[in-house]
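Asks: Before we start, here is the structure in question, set down as structure tokens.
The values are calculated or read from the model by the stated rules, or taken from the named source; none is laboratory data. In this text, all values refer to a predicted model and were calculated from it rather than measured experimentally. Cβ sites come from the backbone with ideal geometry, for glycine too, and all protein chains shown count toward neighbours. Heads up: the accessible areas ignore ligands, DNA and RNA and are worked out on the full protein's heavy atoms, side chains in. Shrake-Rupley method; radii C 1.70, N 1.55, O 1.52, S 1.80 Å.
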Amino acid sequence: MNYAIPIFLLILTIVAFFGIARGRFADFGIPQTVLRVIVALPLLVSGILLHFFRIGATASIIPAVFPARLFLAALTGGLEIAGAIGLFVQRFRRSAALWIAFMMVAVFPANVYAAEKVIDGLQMPSVAVRAAMQIVYIVLVLLAGYGIPGRSDSK
């Protein structure tokens with residue numbers, strides 16, 4: 001399994017977002033709030049339904065080289081829930097978005113391991129498809145938490 005290239009692309013996505021921003025972000029109002037809901041829902045659904053109610057299936061996509069796979073499945077589920085909630089708390093919004101982006105990189109080995117397998121009756125996407133999905137999701141999460149990069153609020 002080759003993790004290096006997709007993980008590099010995921011990290012590059014985060015670096016590019018902040019490179020473009022150069023420390024400046026502009027909120028974009030109601031659409032940004034709607035985007036927070038859109039990116040938080042999969043985290044809540046996955047965190048609750050998959051990581052807790054189907055913890056065995058979730059743990060099965062974690063490569064065997066990682067110890068305590070059930071614990072890791074529960075931990076990442078809890079982090080997904082916390083991140084989703086954090087996107088709606090002004091004080092934690094940006095840090096929640098950043099940590100969700102980091103978590104998307106950290107959990108990618110599980111996506112590579114599960115690629116193209118059938119897990120609990122669900123066909124998992126290929127590594128290329130999953131990498132593309134993760135890149136788009138990372139950008140959306142960062143937009144939801146930080147706003148439009150490279151612009152300043154006119155307030």
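Asks: Where does each of R24, R151 land when they are ordered by accessible area, with a 1.4 Å probe and the largest first?
Replies: The residues order as R151, R24, largest area first.
Asks: Work out the length of the dipole vector of the chain about its Cα centre, built from +1 on the beta-carbon of each Lys and Arg and -1 on the beta-carbon of each Asp and Glu, and round it to the nearest 20 debye.
Replies: Charge dipole, the chain, about its Cα centre: 400 debye, nearest 20.
Asks: Send over the per residue convex hull volume for the chain, Cα only, as a whole number of Å³.
Replies: Taking the convex hull of the Cα positions in the chain, it is 108 Å³ per residue.
Asks: Using Cα atoms only, what is the angle between the long axis of helix 29-45 and the major principal axis of the chain, expressed in degrees (0 to 90) to the nearest 10?
Replies: 10 degrees
Asks: Sticking with this structure for a sec: Which order do S60, S46 take by accessible area at a 1.4 Å probe, largest first?
Replies: The most accessible residue leads, giving S60, S46.
Asks: Let me ask you something else. Could you tell me how far the Cα centroid of segment 102-139 sits from the Cα centroid of segment 50-95, in Å?
Replies: 14 Å
Asks: In percent, how large is the relative contact order of the chain, given Cα pairs closer than 8 Å and 6 or more residues apart?
Replies: 41 percent
Asks: Could you estimate the translational diffusion coefficient of segment 9-97 from the Stokes-Einstein equation, with Rh from the Kirkwood formula over C-alpha pairs, at 37 °C and 0.692 mPa s, in whole µm²/s?
Replies: 222 µm²/s
Asks: In segment 1-100, which chymotrypsin sites (Phe, Trp or Tyr not before Pro) fall in coil by DSSP and have 11 or fewer other Cβ atoms within 10 Å?
Replies: Here the sparse-neighbourhood loop sites are F53.
Asks: Starting from 0 in steps of 10 Å, tell me what percent of the Cα-Cα pairs of segment 1-45 lands in each bin.
Replies: 22, 29, 41, 8, 0
Asks: Shape call for segment 110-155 from the C-alpha gyration tensor, a ≥ b ≥ c root eigenvalues: rounded (a/c under 1.5), prolate (a/b greater than b/c) or oblate?
Replies: It comes out prolate by the Cα gyration axes.
Asks: Could you report the chain's accessible area per residue, 1.4 Å probe, as an integer in Å²?
Replies: Value returned for the chain: 55 Å² of accessible area per residue.
Asks: Got a number for carbon plus sulfur as a percent of the chain's accessible area, 1.4 Å probe?
Replies: Solvent-exposed carbon and sulfur of the chain make up 73 percent of the total.
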